[in-house]
Amino acid sequence: MGRPITPQDLWTLQRVGQPEHVPGTTSVVVPVVHYDGDDKPHSTIHMLDRDGSTHALTSDDRSSSDPAPSPDGSHMAFLGKTDDDPPQVYVMPLGGGEAEAVTDLPLGASFVAWVPGRRSLVVAAPLYRDHPSVESTAEEKESRDDKMPPVATEDRVYRHWKKWLAGATIDHLFRVDLDSGDVIHLTPDLDRLIGLDGVEGSIAVTPDGTTIIFTLDDYPEPWEHMRFSLHSMPVDGGAITRIATGESVQQYRPRVSPDGTMLVYGVQYEHAYYADLVRIVSHHLATGTEQVLTADWDRSAAGWEYIGNNEIVFHAEDEGHVRLYTLSLDGGTPMPQTSTGSNHGARVGIDCFWHRHESMSLPPEVAITSGGHTSIVSAFNAELLSELELPPAEEIRFEGADSAQIQAFVVEPPGFDASSTWPLLHNVHGGPHNGVMDSWHWRWNPQVMAAAGHVVASVNFHGSSSFGDTFTRSIRGAWGDLPARDIEAATDHLLSLGHIDENRMAIAGGSYGGYLVTWLTTLTDRYGAAICHAGVTDLLGQYASDHTEGRDAAMGGSAWEDMDAVLRWSPLAHTHDIVTPTLVIHGELDYRVVIDQGLALYGVLKAKGVPSRLVYYGDEGHWIEDKGNALLWWDEFLGWLGRWV
């Protein structure tokens with residue numbers, strides 16, 4: 001029997017990244033992140049063979065990530081970062097030899113891909129929007145001295161998560177000639193985003209090495225809304241052309257068949273609704289003929305890659321799990337290839353799929369699926385995991401709001417004995433249109449919560465993803481209705497089992513989860529403690545968010561047409577009966593749920609005399625990412641629960 005996991009263990013465990021298959025071999029290259037002595041992340045790229053043997057390819061002199069093997073399997077390009085310098089592109093031979101930097105861009109590089117048939121790379125790299133050349137960005141960088149100047153804008157979309165878009169940077173495309181060393185700027189006049197959350201997955205190079213296909217925001221009014229569509233341009237530079245695809249509001253992840261004849265990509269059809277199902281479309285590059293391959297499938301696809309010329313592999317959330325599927329380009333029903341845990345990021349190897357596998361009791365490792373059988377290949381965390389007791393999550397179903405069957409995952413504490421009673425902690429997910437998967441979470445980790453002595457319930461309430469489009473849409477315009485009833489039903493169900501102490505129950509959540517936690521405290525005093533991290537507490541105040549489109553549909557109305565509808569489900573408009581001791585956590589750089597949301601809740605609680613505590617991070621955004629800050633977060637989180645339940 002091992003010991004309980006601690007918050008420190010989350011930072012001692014190595015974090016396994018996306019494996020990339022080395023063509024013509026039985027190996028992949030995979031980045032693995034660990035935290036060194038000064039608590040900073042350091043990534044090393046490893047070669048991993050199908051037999052489980054592994055060795056490091058890159059040294060500790062730099063942090064190395066985003067490996068891209070060459071089409072012939074002889075070399076690897078990657079992003080390397082040294083000290084405080086921005087990441088640059090490096091190339092190294094996989095048969096042995098030193099890595100060589102091939103870029104020296106002022107703000108570094110963000111993506112690299114090989115040009116088939118040529119000793120060239122396509123590179124994405126940020127430049128300042130108002131200084132869209134390498135030279136002018138370099139000069140501006142020197143004058144800014146890491147200080148952001150004042151911003152004046154008329155853009156509707158001017159921030160994203162914790163990054164400014166107005167007055168800041170966008171990614172440009174470059175081609176690097178490895179023989180001459182020339183770095184050719186391909187998009188000198190660009191002032192639109194190639195991708196909103198980075199460009200990985202947004203760029204493809206055709207197998208003949210002539211054309212770059214990528215997504216680009218082309219909404220008619222710049223920076224008013226984000227509408228990404230497929231575009232192309234010659235690898236050697238030239239005009240950017242919109243590909244003649246079918247009508248949709250978003251297009252994602254272009255992938256070209258090995259023979260260069262077909263393109264597959266993802267689409268969404270509903271404007272300003274991020275949870276609209278992502279459907280896969282095939283597009284014949286010569287004729288423009290298209291077919292929606294998953295038009296009748298009630299799941300949202302992601303991460304597709306070609307298997308030969310007429311089949312793809314991809315992953316999708318399905319009832320609290322992430323499964324791999326295969327699908328013929330001739331149509332049909334996606335065929336599941338995995339069953340348990342969560343599996344994603346498939347890369348086609350020799351007679352197998354390489355991917356990551358994880359669960360609530362196993363951090364991500366590299367796995368192989370072949371013939372419907374999945375086996376874990378890597379063991380980067382085997383030594384530490386052998387010391388820990390990580391009980392598997394139990395998947396349960398119960399009757400929730402409107403008699404719907406609701407799923408939840410329950411993690412019991414080490415040494416759990418059903419003949420005793422235990423405190424209950426609801427781990428309430430965000431979104432709202434996300435879901436709790438049977439996967440490892442580096443921040444809101446149910447194992448660490450359970451190790452402190454709680455039975456931890458993670459409920460996929462109405463509005464969650466992975467249970468079909470109707471279930472996901474069911475809460476639009478009434479955020480606090482069905483989900484709150486589902487959480488209460490989960491509490492009642494767990495109490496009925498006889499091992500939960502009704503006097504020691506708590507609720508905790510972040511983002512929308514913080515909203516639902518706060519909303520529940522306006523309805524009931526049955527929970528002895530609440531934790532609201534980056535929580536929405538004032539629906540009207542979300543017009544200060546980085547993205548405001550679609551707010552009226554989510555909230556049930558707009559402030560200028562139906563304020564009563566907005567206030568109906570807004571927690572701060574219903575604070576009369578709140579008595580639950582509440583820990584409020586928020587980051588200054590959170591542009592999705594702005595800091596005022598947390599401060600207003602804390603101020604109201606203090607004014608009412610409700611026991612409350614504020615944890616403020618001046619250097620964090622929506623997520624707590626720094627190791628030291630995260631360890632403090634756990635101290636406060638577990639300390640609040642220990643104090644009140």
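When the surface is traced with a 1.4 Å probe over the full set of protein chains, D259 keeps roughly 80 Å² accessible. In the frame of its principal axes, segment 249-314 has Cα extents of 35, 23, 19 Å, reported largest first.
With each label point set 7 Å from Cα along the Cα-Cβ vector, what nm distance links D236 and S143? For D236 paired with S143, the spin-label model returns 3.6 nm. Share of pairwise Cα-Cα distances greater than 28 Å in segment 500-645 is 17 percent (whole percent).
The alpha carbon centroids of segment 513-559 and segment 71-88 are separated by 42 Å. Can you work out the base-10 log of I(q)/I(0) for segment 81-169 at q = 0.18, 0.20, 0.24 1/Å, using the Debye formula on its C-alpha atoms alone? Debye curve over Cα of segment 81-169, log10 I(q)/I(0) at q = 0.18, 0.20, 0.24 Å⁻¹: -0.92, -1.05, -1.30. Only Lys, Arg, Asp and Glu carry charge here, each on its Cβ (+1 for the first two, -1 for the last two); on that basis the chain has a dipole of about 860 debye about its Cα centre.
Need the C-alpha centroid separation for segment 101-176 versus segment 38-54, integer Å. Cα centres, segment 101-176 to segment 38-54: 28 Å. Here the Karplus relation 6.51 cos²θ - 1.76 cosθ + 1.60, evaluated at θ = phi - 60°, turns the backbone of segment 19-29 into coupling constants of x, 10, 5, 8, x, x, 10, 9, 10, 10, 10 Hz, with x for every Gly and Pro. Note on segment 488-645: dipole from Cβ charges, positive end direction compared against Y591, Y512, T548; the farthest Cα belongs to Y512.
Rounded if a/c is under 1.5, else prolate if a/b is larger than b/c, else oblate: which is segment 185-305, with a ≥ b ≥ c the root eigenvalues of its Cα gyration tensor? It is oblate, given that a/c is not under 1.5 and a/b is not larger than b/c. Projecting the Cα atoms of A600, S300, I487 onto the charge dipole of the chain (Cβ charges, centred on the Cα centre) puts I487 farthest toward the positive pole. The Cα center of segment 290-349 and the Cα center of segment 269-286 differ in position by 15 Å.
Only helices enter the 222 nm calculation for the chain: every DSSP H run of n ≥ 4 contributes -39,500 (n - 2.57), and dividing by all residues gives -4500 deg cm²/dmol, rounded to 500. If you line up the long axis of helix 595-608 against the longest principal axis of the chain, both from Cα atoms, how many degrees apart are they, to the nearest 10? The angle comes out at about 10 degrees.
Taking a ≥ b ≥ c as the square roots of the Cα gyration tensor eigenvalues, with a/c under 1.5 meaning rounded and otherwise prolate when a/b beats b/c, else oblate, which class fits segment 604-645?
Verdict is oblate for segment 604-645.
What nm distance separates the two modelled labels at N310 and S419, each placed 7 Å from Cα along Cα→Cβ? Using points 7 Å along Cα→Cβ, the separation is 6.3 nm.
Looking at segment 476-551, what % of the alpha carbon pairs are farther apart than 22 Å?
Cα-Cα pairs in segment 476-551 separated by more than 22 Å: 29 percent.
Can you find, among H441, H344, L390, the residue sitting farthest towards the positive end of the charge dipole of segment 341-455, where Lys and Arg contribute +1 and Asp and Glu -1 at Cβ? Checking the options against the dipole of segment 341-455, the answer is H344.
In segment 1-138, the alpha-carbon atoms span a convex hull of 142 Å³ per residue.
Where does the charge balance sit around A113 when Lys and Arg score +1, Asp and Glu -1, over other residues with C-beta under 15 Å from its C-beta?
-2
First check a/c for segment 359-422, with a ≥ b ≥ c the square roots of the eigenvalues of its C-alpha gyration tensor; if it is under 1.5, answer rounded, and if not, answer prolate when a/b is larger than b/c or oblate otherwise. Note, shape of segment 359-422 comes out oblate.
For helix 134-144, what angle does its Cα long axis make with the longest principal axis of the chain, in degrees from 0 to 90 and rounded to 10? Around 40 degrees separate the two axes. Relative to the longest principal axis of the Cα atoms of the chain, the long axis of helix 512-523 makes an angle of roughly 10 degrees.
Only lysines eight or more places from K81 in sequence, or on another chain, were considered; those with a Cα closer than 17 Å are K40. When Y274, Y527, Y252 are compared by accessible area at a 1.4 angstrom probe, the order from most to least is Y274, Y252, Y527. The accessible area of H231, taken with all protein chains in place and a 1.4 Å probe, comes to roughly 10 Å². In terms of distances greater than 23 angstrom between alpha carbons, the cross-link table entries K141/K163; K163/K608; K163/K627 yield K163/K608.
What's the local net charge at N381, with K and R +1, D and E -1, over the other residues with C-beta under 14 Å away?
Net charge around N381: -3.
Phi angles of segment 70-87 translate, via the Karplus equation with coefficients 6.51, -1.76, 1.60 and θ = phi - 60°, into HN-Hα couplings of 5, x, 8, x, 8, 9, 9, 9, 7, 9, x, 10, 10, 6, 9, 6, x, x Hz per residue; Gly and Pro are given as x. When the surface is traced with a 1.4 Å probe over the full set of protein chains, R551 keeps roughly 40 Å² accessible. Evaluating kT/(6 pi eta Rh) at 25 °C and 0.890 mPa s, with the Kirkwood radius of segment 548-633 over Cα pairs in the Stokes-Einstein relation, gives 168 µm² s⁻¹.
The values are calculated or read from the model by the stated rules, or taken from the named source; none is laboratory data. Nothing here was measured: the structure is a model prediction, and the numbers come from that model. When we count neighbours, we look across all protein chains shown, and the Cβ atoms used for this are built from the backbone with ideal geometry, even at glycine. With ligands, DNA and RNA removed, areas are computed over all heavy atoms of the protein, side chains included. Shrake-Rupley method; radii C 1.70, N 1.55, O 1.52, S 1.80 Å.
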